[in-house]
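Chemist: Have a look at this one before I ask anything.
The values are calculated or read from the model by the stated rules, or taken from the named source; none is laboratory data. Predicted, not measured: the structure shown is a model, and the values here were computed from it. So basically every Cβ, Gly included, is an ideal-geometry build from the backbone, and we count neighbours across all protein chains shown.
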């Protein structure tokens, strides 16, 4: 197992402080705050550790404040309900004495029922696509963006289209990307779910920027996750290729809505996601003024 993947698994396992209290650390992935997928995955992990013999089928979360990558995050789990078939948990993430994140998750005992699903898109196989590491922003770019693009990740990504943050071309609001972990993951279904929730935050809300020709390398774009919802339909291994098919039906009020469907290589619909994000583009004069205030 590659070091970046082992490090992520360690981050997601958490330290248990009390019966319903857990502590997690953070990693700087090149963004100005804690990566939202990390908090999402850690909160789900905290909830999982208070549930027996049931799997998460849905979660709904709000990002309240930016997280500090240099300080631990405490996860407080409320055991809201333990029913015959369903279990509900609420998790509050706390840092520096303030709530930075809320998550509500529901778990279900295994049960048979009706089945239907959308069909997987007809896209090239991952072996016929370049790895995302082959794409680089051109010209002078902000240090954070350069670090974000070039850092070693625990996942491989094979975009079907050129990544939206590398082009100013106005494109339809839909993109697909193949992904999998860089190494084999232990045969623990809950761990595969937390890793899937972690990676589901990569690039999702960026789909809402695609029709607008935004230039991320200029450094005058602010994008932040506001909420995140996820539904787990079927089991799949995170170390096999999965296709993330994302679209954005609307952007307004400095917010963009994006939706995603995650498919296995053989076409099974594994999970669905939805996220609204803040999208602001600052004028260069406003950026210079903000820089003066912080320097």
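Chemist: In segment 179-216, how many are assigned to a loop (DSSP other than H, G, I, E, B) and out of contact with any helix residue (DSSP H, G or I) (no Cβ under 7 Å at 6 or more places or on another chain)?
Modeler: So the count comes out to 9.
Chemist: Checking residue 16 against (1) under 23 Å from residue 234 (Cα atoms); (2) in contact with a strand residue (DSSP E or B) (Cβ under 9 Å, 6 or more places away or on another chain): exactly one of these is not met. Which one?
Modeler: Among (1) under 23 Å from residue 234 (Cα atoms); (2) in contact with a strand residue (DSSP E or B) (Cβ under 9 Å, 6 or more places away or on another chain), residue 16 violates only (1).
Chemist: On to the next question. List the residue pairs whose Cβ atoms are under 6 Å apart, where the first residue sits in segment 74-88 and is closer than 12 Å to residue 22 by Cα, the second is assigned to a strand (DSSP E or B) and modelled with pLDDT under 95, and the two are 6 or more positions apart or on different chains.
Modeler: none
Chemist: Can you tell me which residues in segment 1-27 are in a loop (DSSP other than H, G, I, E, B), farther than 21 Å from residue 88 by Cβ and touching a residue at least 60 places away in the same chain (Cβ under 8 Å)?
Modeler: 1, 2
Chemist: Does segment 133-155 contain any residue that is within 17 Å of residue 236 (Cα to Cα), at pLDDT 90 or above and touching a helix residue (DSSP H, G or I) at 6+ places or on another chain (Cβ under 8 Å)?
Modeler: Looking for residues that are within 17 Å of residue 236 (Cα to Cα), at pLDDT 90 or above and touching a helix residue (DSSP H, G or I) at 6+ places or on another chain (Cβ under 8 Å), one finds at least one in segment 133-155, hence yes.
Chemist: Still on this structure: Yes or no: residue 65 modelled with pLDDT of 95 or more, surrounded by fewer than 17 Cβ atoms within 10 Å (Cβ to Cβ), within 19 Å of the chain's Cα centre (by Cα) and not in a helix (DSSP H, G or I)?
Modeler: yes
Chemist: Another question about this same structure. What are the residues in segment 28-45 that are more than 18 Å from residue 64 (Cα to Cα) and in a helix (DSSP H, G or I), if any?
Modeler: Passing the criteria: only 45.
Chemist: Only one of (1) farther than 16 Å from residue 157 by Cα; (2) crowded, with 16+ Cβ neighbours inside 10 Å is not met by residue 283, so which one is it?
Modeler: Of everything listed in (1) farther than 16 Å from residue 157 by Cα; (2) crowded, with 16+ Cβ neighbours inside 10 Å, residue 283 misses just condition (2).
Chemist: From the list 104, 71, which residue is buried (at least 18 other Cβ atoms within 10 Å of the Cβ), touching a residue at least 12 places away in the same chain (Cβ under 8 Å), farther than 25 Å from residue 176 by Cα and out of contact with any helix residue (DSSP H, G or I) (no Cβ under 6 Å at 6 or more places or on another chain)?
Modeler: Going through 104, 71 in turn, just one is buried (at least 18 other Cβ atoms within 10 Å of the Cβ), touching a residue at least 12 places away in the same chain (Cβ under 8 Å), farther than 25 Å from residue 176 by Cα and out of contact with any helix residue (DSSP H, G or I) (no Cβ under 6 Å at 6 or more places or on another chain): 104.
Chemist: A further question on this structure: Taking the conditions exactly as written (assigned to a loop (DSSP other than H, G, I, E, B) and within 19 Å of residue 234 (Cα to Cα)), does residue 53 satisfy them or not?
Modeler: Values: assigned to a loop (DSSP other than H, G, I, E, B): yes; within 19 Å of residue 234 (Cα to Cα): yes.
In short, yes.
Chemist: Applying the selection to segment 217-276, what residues are under 15 Å from the mean Cα position of the chain (by Cα) and part of a loop (DSSP other than H, G, I, E, B)?
Modeler: 226, 238
Chemist: Among the residues in segment 37-59, are any under 30 Å from residue 222 (Cα atoms), surrounded by fewer than 23 Cβ atoms within 10 Å (Cβ to Cβ), at pLDDT 95 or above and in contact with a strand residue (DSSP E or B) (Cβ under 6 Å, 6 or more places away or on another chain)?
Modeler: yes
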